[in-house]
Amino acid sequence: MADLKPTNIADTTRKNIHSDLDPWNALRVHTDARIGLGRVGDGLPTERLLEFQMAHARARDSVHMDFDASIVRKKLTDYDGKIVDVHSAAPDRATYLQRPDLGRLLDDPSRDILRSYKGDYDVVFILADGLSARATHDQAADTALNILGHLGDDWTVAPIILAEQSRVGLGDEIGAALGAKLTVMLIGERPGLSSADSLGAYLTWGPKPGRSNADRNCVSNIRPAGLDPKKAAKKIAYLMLEARKLGLSGVALKDNSSNPALIDT
Amino acid sequence: MQQSAPFHFERFTFPDLKTVMAKASPLRSGDVLAGLAAGSDEERVAARFALADVPLKQFLSDALIPYERDDVTRLIMDGHDPDAFDVVSSLTVGDFRNWLLSDAATPEALKSLAPGLTPEMVAAVSKLMRNQDLIAVAKKCHVVTGFRNTVGLPGHLSVRLQPNHPTDDPAGVAASILDGLMHGSGDAVIGINPATDSPEAMIELLNLIDEVRERLDIPTQSCVLAHVTTAIDVMARNAPVDLVFQSIAGTQKANDSFGITLAMLAEAEEAAKGLKRGTVGNNVMYFETGQGAALSADAHEGIDQQTVEARAYAVARAYSPLLVNTVVGFIGPEYLFDGKQITRAGLEDHFCGKLLGVPMGCDVCYTNHAKADQDDMDNLLTLLGVAGCNFVIGVPGADDIMLNYQSTSFHDAMYLRSTLGLEPAPEFAEWLRKMDIIDQNGRTRPQLDGQAAQNLLAWSGAA
């Protein structure tokens, strides 16, 4: 146990992590990085090892969790418009992860369904699983309803689309098929070790297949411990108004608050 | 230019050199995604038989991307050294594998051969090699570079200390630097990926690292991994730039997508060398690469991802880098699906780089949507340690909170050094001893009640 002397600042155990004896406490307030973990010989103390494994397990489970549209529908019960389910051309998770191109295309039945809803819409909201169904289950309906609350009566809103095995690019085909001027895609982001429930919002003006990330605006890290869904909704509604006013989205549309990096989902 | 005849093995026919190379590649998801992979295991091995019969000389006349329209091809062809190539010039790819494993291929012989090899030759032979071959040959290739310390000496392992923070908060970055130094990391470079790519942000972070380096007299180098054009900008403003960073790839089109030209790299190298900040050497460039980067930019030109990656090392080689880092699992499962594919790619990249005379290190890493975990990283890390990898990455607890992926930790580096008997760069090891961070037996056992440690802690708290 000589390695675990409390006087040795690199040898912090859980017992003294919150004690005044631990000089790392003063540094921990500045970063979420896993500093001052302590060591046993050259290795990690057992608790630190298991904490990491739990964080990774949660992130992995979020990636592989099945998307359950009924969870999202239930949260949308107050919404009086239509809600339509679609599926990408990626039949399962394993294919989805290896073939991002298929996640950007609709399967044939979905294409037929959307044809029957073709119209002249200002915007379509797409709630999609992306790389974290958990984020979509937890955050998407709330975010969408809050955005709708910020929009005036002059917005013609298409049926809300719930999309499974979806990449960001799937919104381009959906928006074009429906005849929407703007897509707002709320999609589960690639889970970080400490953020398995993070949602991203992608706005695309003039959606059509072949749009690139440079044509989109992104609001990232939407989750209770990151950017709260209510605050995110405000920001997204602002971007929607600007996009409509300017008739564009992407690098030419400035957020004026922050511009998080696009995440490839 | 000579057209290659179709290549045959039994009932299989491969129309050209890039097809036979792609189909000979060990299976990986990126080649499947690109539609380049072999259709069956049998076809894959048939392609290897066909590739084994290709004369090495053919790679000098049969360019995978035409000379006229790709500046990386021009760099490779124009830079080829026929005298160095002479010793293997009559061999086929299959013979070349035999030669590399033979006693004739001594460290000295491999070193003088490097300028005579092209990335395509090296990629081709790697496709015929098992993992143990990749390790055994790479171990014989010693590529030593220097700036304020010496990186890549046999029996040594350096670590890039990667103290990233999502908002570049100076106190947060400083806390991670302190943690890394106390674990014996930081001899390859203290290198920050900035959240914001701007000259102002870069200068602030450079000053932060430079201050601690000067105050504690740490024999290492710093780098802020902004775009090369940002580095050129801040050098003109007299910022303390040690190493210039850039992501590079193996085709002109992919480099275009990174917003770089070869001329920019040359300009940056010259500017950084002109600052004369190195003490034991003047290798001033730090490059990062990774299989799949060209395909993700739709710039792979129909070439398999491992061969395109090797071409990036020819780009690196032209600018005498201190460090070249293949960030092997960062790109995601659509390019490298699982631990097995990541492991193979890491060993290939290290082998190809070393054989070409490039100072290879590896970011042994994965994302949460790849089928991989810490056990896979332990395996690759250990294999690379055995293979003589120049450096690995050190992130607090293996969790990069800014880039959202898992790399290796300071603890992982301690494990590797201690298990394989590897030492930090000699100048840095001396400093660690002076600071009571490593003990008389070379183990990382920091004595934190001493004056040296208190100085470190005081700096970090003040930052």
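Values quoted throughout were computed directly from the atomic coordinates according to the rules given, and no laboratory measurement underlies them. Note that the structure is a prediction, hence the values are computed from the model and not measured. Here Cβ is always computed from backbone atoms with ideal geometry, including for glycine, and neighbour counts include all displayed protein chains.
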Exercise. Ranked highest first by the average count of other Cβ atoms within 10 Å around their residues, in what order do B:93-101, B:305-313, B:239-247 fall?
Worked result: B:305-313, B:239-247, B:93-101
Exercise. Shielding of A:50-60 by partners, i.e. mean partner chain Cβ atoms within 10 Å per residue?
Worked result: 3
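From the square roots a ≥ b ≥ c of the eigenvalues of the alpha-carbon gyration tensor of region A:64-246, which class results: rounded (a/c under 1.5), prolate (a/b over b/c), or oblate? Could the numbers behind the result be given before it?
On the way: a/c = 1.35, a/b = 1.05, b/c = 1.28.
Judged from the Cα gyration tensor, region A:64-246 comes out rounded (a/c under 1.5).
Rounded, prolate or oblate: which fits region B:377-463, taking a ≥ b ≥ c as square roots of the Cα gyration tensor eigenvalues, rounded meaning a/c under 1.5, else prolate when a/b beats b/c? Walk me through the intermediate numbers first.
On the way: a/c = 2.50, a/b = 1.27, b/c = 1.97.
Oblate shape, in that a/c is at least 1.5 and b/c is the bigger or equal ratio.
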Seminar exercise, completed: Among A:A214, A:V184, A:T143, the residue whose Cα sits farthest towards the positive end of the charge dipole of region A:64-246, when +1 is placed on the Cβ of each Lys and Arg and -1 on the Cβ of each Asp and Glu, is A:A214
Exercise. Ranked by Cβ crowding within 10 angstrom, fewest neighbours first, how are B:E348, B:E334 ordered?
Worked result: B:E334, B:E348
Seminar exercise, completed: Length gained if A:D80 through A:D122 is fully extended, taking 0.36 nm per residue and subtracting the Cα-Cα distance, is 13.4 nm
For this session: May I ask you to sort A:K82, B:K23 by Cβ crowding, counting other Cβ atoms within 10 Å and putting the fewest first?
Result: A:K82, B:K23
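Counting only other chains, what is the mean number of Cβ atoms within 10 angstrom of the Cβ of each residue in peptide A:63-71?
Details: counts 6, 2, 0, 0, 0, 0, 0, 0, 0.
That works out to 1 on average.
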Exercise. In terms of the Cα gyration tensor, with a ≥ b ≥ c the square roots of its eigenvalues, is the protein assembly as shown rounded because a/c is under 1.5, prolate because a/b exceeds b/c, or oblate?
Worked result: oblate
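Note the full-extension length gain between B:S418 and B:V87 as 0.36 nm times their separation in residues minus their Cα-Cα distance, in nm to one decimal.
115.3 nm
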For this session: Order these peptides, B:286-293, B:297-304, by their mean beta-carbon neighbour count within 10 angstrom, highest first.
Result: B:286-293, B:297-304
Exercise. If you take every DSSP beta bridge whose two residues both sit in the protein assembly as shown, what share of them, in percent to the nearest 5, is antiparallel?
Worked result: 35 percent
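If you count, for each residue, the other Cβ atoms within 10 Å and average over each peptide, how do B:366-378, B:383-395 line up from highest to lowest? Provide the component values of the computation, followed by the final result.
Working: B:366-378: 20.9, B:383-395: 25.5.
Those peptides, ordered most packed to least, come out B:383-395, B:366-378.
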For this session: Return the lysines within reach of A:K118: Cα separation strictly under 23 angstrom, same-chain partners fewer than 8 residues apart disregarded; answer none if there are no such residues.
Result: A:K82, A:K181, A:K208
Problem set entry | Beta bridges by DSSP in region A:98-201, antiparallel share as percent, to the nearest 5 | 25 percent
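Quick one: if the Förster radius is 45 Å, what FRET efficiency do A:A94 and B:D103 give, using the C-beta to C-beta distance and rounding to 0.05? Kindly include the intermediate steps, with their values, before the conclusion.
Numbers: r = 45 Å, r/R0 = 1.01.
Between A:A94 and B:D103 the formula returns 0.50.
For A:D153 and A:N213, compute 0.36 nm times the residue count separating them, minus their Cα-Cα distance, and round to one decimal in nm.
Numbers: separation 60, 0.36 × 60 = 21.60 nm, distance 2.97 nm.
Here the segment from A:D153 to A:N213 would lengthen by 18.6 nm.
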Exercise. Roughly how many nanometres apart are two label points built 7 Å out from the Cα toward the Cβ at B:E200 and B:L27?
Worked result: 5.3 nm
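If we count other beta carbons within 10 Å of each Cβ, what is the order of B:E10, B:E120, fewest first?
Details: B:E10 9, B:E120 25.
Sorted ascending by nearby Cβ count, the order is B:E10, B:E120.
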Exercise. For chain B, treating each Cα as an identical point scatterer without solvent, what Debye log10 I(q)/I(0) comes out at q = 0.08 1/Å?
Worked result: -0.43
For this session: Would you mind giving the mean number of other chain beta-carbons within 10 Å of the Cβ of each residue in A:35-41, as a whole number?
Result: 6
Problem set entry | Computed E for B:K340/B:K111 - FRET, C-beta separation, R0 30 angstrom, nearest 0.05 | 0.40
For this session: Provide the FRET efficiency to the nearest 0.05 for the B:E10-B:Q132 pair, computing r from the beta carbons and using R0 = 35 Å.
Result: 0.80
